[in-house]
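Notes follow the structure.
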Amino acid sequence: MKNVQNIFGILKGVVDKKVPELKQKKQKAQEADEKIAQFQRAIIDLQGYIERNRHDREEVMDARHDISEYEDKINSLQGFKSGIEKVKEELSSAESFYKKYKEVVHKPKINALQEEYAQLESKLSKLEDNMFACEINMDKLERSAEVYAQAENDLQKFDAEYNDLSLQAARILSEIKALEK
């Protein structure tokens, strides 16, 4: 199992290196889509302008020149869009890999931490019972001074141990949550 985890660790490094580049390509393709849409709207507006001003030869020539420039810009932006499906597919594969990575690498850690947490909960429960018993023995009207003193001393010990174990349990829970992300 350790070899598999090591292999997944190596693969994760490769995927981690590739994903930012893929995300950047996807972002550039989205930006190119937005600009292409803007240029296409401008071309439509210019075509309408040509229709309305078809008698003004100079204005028509300028508008056609602008249309040509917009078409050139659209053609140059098409390069960012090429291969976007492959980029999306690779990003999807990376997402699937990360899920599998969590299963293979983090799941054993999570299981061990959950087992440790369950043991701590059991100890905490026993300590709560002991603390309750100490509180019962701290009734001055019902118990002797020796029993009261012993119960008070025990309660302090149990309380300190309870606080330590509670901190450990909280730390384990936060580790589990971090690994589950």
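The values are calculated or read from the model by the stated rules, or taken from the named source; none is laboratory data. The structure displayed is predicted, hence computed values, not measured ones. Virtual Cβ from ideal backbone geometry, glycine too; neighbours counted across all protein chains shown. Keep in mind that these areas ignore ligands, DNA and RNA; they rest on the heavy atoms of the full protein, side chains included. Shrake-Rupley method; radii C 1.70, N 1.55, O 1.52, S 1.80 Å.
Considering all C-alpha pairs of the chain, those separated by over 21 Å amount to 73%. In a DSSP loop and with at most 16 other Cβ atoms within 10 Å, the trypsin sites (Lys or Arg not before Pro) in the stretch 1-109 are Arg54. For the chain, the solvent-accessible area of protein heavy atoms averages 73 Å² per residue (probe radius 1.4 Å; ligands and nucleic acids excluded). Each principal axis of the Cα atoms in the stretch 1-107 has its own extent, and those three values, largest first, are 79, 17, 14 angstrom. Summing charges over neighbours of Asn111, with a neighbour being any other residue whose Cβ is under 14 Å away from its Cβ, gives -2 when K and R count +1 and D and E count -1. Across the stretch 1-134, the relative contact order, built from alpha-carbon pairs under 8 Å that are at least six residues apart, equals 36 percent. Only helical runs count toward this figure. For the chain, summing -39,500 (n - 2.57) over DSSP H runs of n ≥ 4 and dividing by all residues gives -32500 deg cm²/dmol at 222 nm.
Under a model in which nothing but the beta-carbon of Lys, Arg (+1) and Asp, Glu (-1) is charged, the stretch 24-73 shows a dipole of about 320 debye around its Cα centre. For the stretch 74-181, GluC sites (Glu not before Pro) are listed when DSSP marks them as loop and at most 10 other Cβ atoms sit within 10 Å of their Cβ; the list is Glu142. Stokes-Einstein diffusion for the stretch 131-177, with the hydrodynamic radius set to the Kirkwood value over Cα pairs and evaluated at 4 °C in a medium of 1.567 mPa s, equals 108 µm²/s. Any idea what angle helix 57-81 forms with the longest principal axis of the chain, computed on alpha-carbon atoms, 0 to 90 degrees, nearest 10? Between the helix axis and the principal axis of the chain, the angle is about 40 degrees. Rounded to the nearest 10 degrees, the angle from helix 107-137 to the longest Cα principal axis of the chain is 40 degrees. For the chain, the Cβ-based charge dipole about the Cα centre amounts to some 1020 debye (Lys, Arg positive; Asp, Glu negative; other atoms uncharged). Ordering Ser93, Gln5, His55 by the projection of their Cα atoms onto the charge dipole of the chain, which places +1 on the Cβ of Lys and Arg and -1 on the Cβ of Asp and Glu, puts His55 at the extreme positive end.
Placing unit charges on the Cβ atoms of the charged side chains and taking the dipole of the chain about its Cα centre, the candidate lying farthest along the positive direction among Leu165, Ile44, Asn111 is Ile44.
Might you report the magnitude of the Cβ-based charge dipole of the stretch 100-157 about its Cα centre, with Lys and Arg at +1 and Asp and Glu at -1, to the nearest 20 debye?
Numbers: 9 positive and 12 negative charges, 117 e Å.
It comes to approximately 560 debye.
Got a number for carbon plus sulfur as a percent of the chain's accessible area, 1.4 Å probe?
On the way: 6700 of 13210 Å².
After summing per-atom areas, the C and S share lands at 51 percent.
Which residue, Gly13, Gly83, Gly48, tops the fluctuation ranking in a GNM of the chain built on C-alpha contacts under 10 Å? Greatest mean-square fluctuation among the candidates belongs to Gly48.
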